[in-house]
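Since every read-out is calculated from the coordinates, none of them should be taken as a lab result. Since we're looking at a predicted model, the values are computed, not measured. Glycine also receives a Cβ, built like all others from the backbone with ideal geometry; neighbour counts cover every protein chain displayed.
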Amino acid sequence: MNQSSWFSLEEVELQHQITAANPPVIKERKLPEKLDMDSLLSQYKSIEINPNLIKYVVVESETTENSKQVNFKSKIKLKCEERDLHGSLANKGTNNIQATKISMASSIPYIQGLRSAFLSMKEGDVAWFKLSNEQMYTEQEIASGIPVQSFQKYFKIEILEVTQPEIPLDLTSLDNRLKQMELFKIEGNQFYEKQQYQSALLRYQRGLNFLEKWPKKFESNPVAIEAKRNSLLVLSSNKAQCLIKLQDYKQAISVLEPLIGQMRNKQYEVKNYYRLISCFYETDEQVKADFYYRQVIHMCQLSQEEKQLFHSIKFKK
């Protein structure tokens, strides 16, 4: 595999002879296969990162409190142009290559060789790097007899995006456990709003699985007990609604029926009676549908609109 294919190129480059007094309109175009590297790099500020790596700053993004600096855990989206000692383009003949995403934790040799380069950049930066390091060459290139003094390559790197992995919550604290439960619900709701019901279902189920592993040390805490109970009912209710959207009515019944009595006086009680009764009608279980219909009519204070809604499902078949 050509190592340059680990990177992507979609380049806009000004001819290095352009003067600041009369800059032309920047247009995307194909670069020449060869460049006079010394002449090109001489116009940029140079920084020696280490004896084998020199950085030439092309564009330096503004530094703010929110600057996204690359670190060892970053995932970055970048464009990279590779040239050799003579300025020849390494990926000649390659057209319309899109920018690529890489992880700083990758063991790919190119990532190892350019790690110091990446670590010197932040989102929005553009820089050339001159690298004198045999790590950047394939075994075939080294075996071909390239002189040690010729182990030199040039890379123009543009950092388009930097993301950091989220730090896992410390789940030994009650506050963080409550936050994590809320996250499962929020993420499930986001999938549901996009009509991605299977993904939403899996997210709600992850929340329910999380509740099953509730630490014993919280079992006597009234706040924890109530929060766990409410989360169980909400996640189960949302899970059932996803199952209904997926037309798995029997499974939705198995989720709702054991919990419907625990939803007394909850704001979603009537909604879940409606879901449960609808599922029984869908599965032709008329007796159970009628049982829960009588229950909701007598136990819940229904608005006129809600009464009409339940009446409509009772007689729709």
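What the table shows:
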| item | result |
| --- | --- |
| Amide proton proximity set for residue 74, modelled H, under 5 Å, gap of 5+ | 104 |
| Positive minus negative residues near residue 266 (Lys, Arg vs Asp, Glu; Cβ under 13 Å) | +1 |
| Dipole magnitude of region 174-314 about its Cα centre (Cβ charges: Lys, Arg +1; Asp, Glu -1), debye to nearest 20 | 400 debye |
| Phi to ³J(HN,Hα) by Karplus 6.51 cos²θ - 1.76 cosθ + 1.60 over region 160-174, Hz, x for Gly, Pro | 8, 7, 10, 10, 10, x, 5, 6, x, 5, 7, 7, 7, 9, 5 |
| Separation between Cα centres of region 226-286 and region 48-63, rounded to whole Å | 59 Å |
| Sequence-distant lysines (8 or more away, or on other chains) whose Cα lies within less than 23 Å of residue 55 | 34, 45, 68, 73, 75, 77, 79, 101, 122, 130, 153, 156 |
| Charge tally in the Cβ shell below 10 Å around residue 85, where Lys, Arg are +1 and Asp, Glu are -1, residue 85 excluded | +2 |
| Translational diffusion of region 151-212, µm² s⁻¹ [Kirkwood Rh, Cα pairs; Stokes-Einstein; 37 °C; 0.692 mPa s] | 227 µm²/s |
| Contact order normalised by residue count of region 247-315, Cα under 8 Å, 6+ apart, percent | 30 percent |
| Net +/- balance of residues flanking residue 62 in space, Cβ distance below 15 Å, scoring K and R +1, D and E -1 | -2 |
